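Chemist: Pasting a structure here, questions to come.
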Amino acid sequence: MDRLPDYMQICYEALLNVYSEIEEKVAKEGWSYRVHYGKQAMKVLVHAYFNEAKWFHEDHIPTMEEYMQVALVTTGYSMLTTVSFIGMGDIVTKQAFDWVFSRPKIMRASETITRLVDDVRSHKIQSRYNCARLRVSAGTVYRQAACHSNEEPMPADFLIASTRRLMV
């Protein structure tokens, strides 16, 4: 933790405290193993955010395939599902956590729909300001519209219509 900047140490310590509190509560029920899954899901999400920040600092526009691998994770679906399972009682088993981490089709579909809808809306905003990226505090979130047009230039309206067809 000492290698992190001061502002990140505060956030990291707060996050560890949250997981410690959760672990204290679920340990009484014999569910301590669940916290490990929550921490793992958070690590996966943070790693994806790191990739986005790295792309920003390197001024790298990823391929559509690179983008989607990271962008589906940054929807947060898997992390939120995993963390939601932690306190759900006896109906959740170790197999449920393993199921989420196996990235089942329903999870990938939900992530894809959310990401594509968000990207279409973001593209409209970005087009208004004539920029290929939407800047956020942690770096740049690369939208699939920019990534796809970088590989294969096409009119924005066509790209949006193609994206909508992917969601149906």
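Chemist: If we scan the range 22-38, do we find a residue that is within 17 Å of the chain's Cα centre (by Cα) and open to solvent by less than 40 Å² (accessible area, probe 1.4 Å)?
Modeler: Going residue by residue through the range 22-38, those that are within 17 Å of the chain's Cα centre (by Cα) are 37-38.
Adding the requirement that they be open to solvent by less than 40 Å² (accessible area, probe 1.4 Å) leaves 37-38.
Yes: one or more hits.
Chemist: Name the single residue that is nearest to Trp31 (Cα to Cα) among those in the range 104-131 being modelled with pLDDT of 90 or more and touching a Ser or Thr at 6+ places or on another chain (Cβ under 7 Å).
Modeler: Applying the filter and picking the extreme gives Met107.
Chemist: Determine, yes or no, whether Glu52 is among the acidic types (Asp, Glu), in a helix (DSSP H, G or I) and open to solvent by less than 40 Å² (accessible area, probe 1.4 Å). Spell out the reasoning first.
Modeler: Details: among the acidic types (Asp, Glu): yes; in a helix (DSSP H, G or I): yes; open to solvent by less than 40 Å² (accessible area, probe 1.4 Å): yes.
Yes: the conditions hold for Glu52.
Chemist: Criterion first (under 29 Å from Glu29 (Cβ atoms), of a type in the set (D, E, K, R) and either open to solvent by less than 20 Å² (accessible area, probe 1.4 Å) or modelled with pLDDT of 95 or more (or both)) does Asp98 satisfy it?
Modeler: On the way: under 29 Å from Glu29 (Cβ atoms): yes; of a type in the set (D, E, K, R): yes; either open to solvent by less than 20 Å² (accessible area, probe 1.4 Å) or modelled with pLDDT of 95 or more (or both): yes.
So Asp98 passes the test.
Chemist: With the condition kept exactly as written, say whether any residue in the range 110-122 is surrounded by fewer than 17 Cβ atoms within 10 Å (Cβ to Cβ), free of Cβ contacts under 8 Å to residues at least 24 places away in the same chain, aliphatic (A, V, I, L, M) and on the phi < 0 side of the Ramachandran plot.
Modeler: no
Chemist: Here are some conditions: (1) more than 26 Å from Ser110 (Cβ to Cβ); (2) in a helix (DSSP H, G or I); (3) open to solvent by 50 Å² or more (accessible area, probe 1.4 Å). Gln9 meets all but one. Which one does it not meet?
Modeler: With (1) more than 26 Å from Ser110 (Cβ to Cβ); (2) in a helix (DSSP H, G or I); (3) open to solvent by 50 Å² or more (accessible area, probe 1.4 Å) applied to Gln9, the lone miss is (3).
Chemist: Test each condition in (1) part of a helix (DSSP H, G or I); (2) of a type outside the set (D, E, K, R); (3) touching a Leu at 6+ places or on another chain (Cβ under 6 Å); (4) modelled with pLDDT under 70 for Ala146 and report the one that comes out false.
Modeler: Unmet condition: (3).
Chemist: Search the range 59-71 for residues being out of contact with any Lys or Arg (no Cβ under 7 Å at 6 or more places or on another chain) and at pLDDT 90 or above, and hand back the single one that is surrounded by the most Cβ atoms within 10 Å (Cβ to Cβ).
Modeler: Applying the first criterion (out of contact with any Lys or Arg (no Cβ under 7 Å at 6 or more places or on another chain)) to the range 59-71 yields 59-70.
Still in the running and at pLDDT 90 or above: 69-70.
On the way: Gln69: 13, Val70: 19.
Looking at the filtered set, the residue picked out is Val70.
The values are calculated or read from the model by the stated rules, or taken from the named source; none is laboratory data. All figures in this text were calculated on a predicted structure; none of them were measured in a lab. Ideal geometry is used to build each Cβ from the backbone, glycine not excepted, and the neighbour counts take in all protein chains shown. Heavy atoms of the whole protein, side chains included, go into the accessibility calculation; ligands, DNA and RNA do not. Shrake-Rupley method; radii C 1.70, N 1.55, O 1.52, S 1.80 Å.
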